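Worksheet: one structure, shown below.
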Amino acid sequence: MGDHGQRYAGRVTSIGPYRAGEVLGSVSSRTGFLLSVLGDGFQRRIREVLAAHGLKPRQLRILDLLGEHGPVGQRELAELMSVDQSVLVGLLNPLDTARLVKRQRDANDRRRHVVTITAAGERRLAKADQEFREAEDAFSES
């Protein structure tokens with residue numbers, strides 16, 4: 001096997017000409033790599049913005065969904081979020097403790113829990129959403 005290839009089923013395939021010191025130089029000019037770096041930076045900024053409001057990105061999504069859909073069953077909310085119910089419970093518990101959402105049993109089906117955004121949750125959502133938008137604008141301008 002040569003210096004620049006790998007052996008598959010008895011044949012050598014080229015991985016291209018490698019020259020010391022050029023891989024990172026060429027990677028840093030690739031669109032996908034640059035988008036990844038920008039995405040990481042943006043994600044860090046958004047997490048900072050939301051942390052100032054005591055929220056994680058998925059918790060913001062929960063408040064947003066409840067604001068849009070109104071009261072939603074916990075199982076349906078997990079489906080809307082594309083998360084397992086146990087993950088959803090872990091996201092809801094701090095929101096419930098902070099009184100941003102309210103969980104209660106469905107009067108018609110005692111096995112079902114309905115989640116509702118509270119007035120405090122609506123206020124927190126509005127503030128966090130405004131700062132989220134400002135962070136997006138600032139990021140796109142830089």
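The values are calculated or read from the model by the stated rules, or taken from the named source; none is laboratory data. Treat the numbers as computed from the prediction; the structure is a model and nothing was measured. Positions of Cβ are backbone-derived with ideal geometry, glycine not excepted, and every protein chain shown enters the neighbour counts. All accessible areas refer to the heavy atoms of the entire protein, side chains included, with ligands and DNA or RNA removed. Shrake-Rupley method; radii C 1.70, N 1.55, O 1.52, S 1.80 Å.
Regarding the stretch 83-93, can at least one residue be identified that is under 22 Å from the mean Cα position of the chain (by Cα), among the hydroxyl-bearing types (Ser, Thr, Tyr) and modelled with pLDDT under 95? Yes, the stretch 83-93 has at least one match. Which of the residues spanning the stretch 70-85 are among the hydrophobic types (A, V, I, L, M, F, W, C) and open to solvent by 70 Å² or more (accessible area, probe 1.4 Å)? Within the stretch 70-85, just Leu80 meets the criteria.
Scan the stretch 99-115 for residues that are open to solvent by 100 Å² or more (accessible area, probe 1.4 Å) and either under 14 Å from Val72 (Cα atoms) or out of contact with any helix residue (DSSP H, G or I) (no Cβ under 6 Å at 6 or more places or on another chain) (or both) and jot them down. Let's see the steps before the verdict.
Initial filter on the stretch 99-115 (open to solvent by 100 Å² or more (accessible area, probe 1.4 Å)): 99, 102, 105, 108, 110-111.
Those that are open to solvent by 100 Å² or more (accessible area, probe 1.4 Å) and either under 14 Å from Val72 (Cα atoms) or out of contact with any helix residue (DSSP H, G or I) (no Cβ under 6 Å at 6 or more places or on another chain) (or both): Lys102, Arg105, Asn108, Arg110, Arg111.
Right, Phe139: under 20 Å from Met81 (Cα atoms), assigned to a helix (DSSP H, G or I) and at pLDDT below 90 or not? No; evaluated as a whole, the condition is false for this residue.
Looking only at the stretch 28-53, how many residues end up being surrounded by 14 or more Cβ atoms within 10 Å (Cβ to Cβ) and not in a helix (DSSP H, G or I)? Give the steps one after another, and end with the answer.
Pass one, the stretch 28-53, residues surrounded by 14 or more Cβ atoms within 10 Å (Cβ to Cβ): 42, 45-46, 49-50, 53.
Subsequent filtering for residues that are not in a helix (DSSP H, G or I) retains 53.
Of the residues in the stretch 28-53, 1 are surrounded by 14 or more Cβ atoms within 10 Å (Cβ to Cβ) and not in a helix (DSSP H, G or I).
A Cβ distance below 9 Å, combined with a sequence gap of six or more or placement on separate chains, defines the contacts here; from the stretch 24-52, residues that are of a type in the set (Asp, Glu) reach residues that are at pLDDT 80 or above in the pairs Glu48/Ala135.
Being in contact with a strand residue (DSSP E or B) (Cβ under 7 Å, 6 or more places away or on another chain) and open to solvent by less than 80 Å² (accessible area, probe 1.4 Å) is a property that Leu88 lacks. Among the residues of the stretch 56-69, the ones that are within 16 Å of Lys102 (Cβ to Cβ) and open to solvent by 20 Å² or more (accessible area, probe 1.4 Å) come to 2 in all.
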